[in-house]
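Structure, as structure tokens:
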Amino acid sequence: MKYLYYWIPTPYRIHLLNFKDEISKKSILYRDISDIKDNDFIRLLKLEINSYNFDLKMTLFDGRRVNKDREILQENELKDLKRVSEYRLKCISYDENGFVTYKLPEMDKFALELLSRQVYHLYKDYFHKHEFHDPNNDSMLIANLSNERVSKLFLVRYYCELYVNKFESYKSNFEGITPQEIFEEFNQSLKGIKR
């Protein structure tokens, strides 16, 4: 049995009931996950989030792109896509620090990879506001997949390591650069952050 651990970074403690007033009971999110965006083929990820209990339904569709000039699919175009696979993920625990745990059904390797990156970021963006950082900085986070249940301490260390690795890469990128150049780079990165 595999377990999936998501972390929703928030500056406040999460209480599931707090979401009831802010978001609808079920939300449907779409993301084009095609390898090549400008060809006729489209692979679409549909994610349904039940905000009352965090349960997820992930569906993958394949088909032909009707209008290549438009990034957003219209509702009538969805009916022409073929459903390739569908998975239901039952939330087995969540806590006020933003850790959400799923017990996974049997899944193929592609679906597992989607869960750890694209689905995680789509999911996290649904609950998490990018108030104190650029949204691109969230790409350093990868969901934790495990064959067994892990402790909260393990998860805290796991996600901290991802951040440490990112800072280490920044450090190696800035070696040999003057403090003025670092300051200018830092100021440039702050431009995309909402205050």
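Nothing in this text is a laboratory measurement; each read-out follows from the coordinates by a stated rule. Not measured: the values here are computed from a predicted model. When we count neighbours, we look across all protein chains shown, and the Cβ atoms used for this are built from the backbone with ideal geometry, even at glycine.
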- Message: Could you check the spin-label model distance between residue 147 and residue 167? Points 7 Å from the Cα along Cα→Cβ, value in nm.
- Response: 3.3 nm
- Item | Packing-based exposure ordering (other Cβ within 10 Å, fewest first) of 164, 150 | 164, 150
- Once you have the Cα-Cα distance between residue 184 and residue 50, take 0.36 nm times their residue separation minus that, and quote the gain in nm to one decimal. 43.9 nm
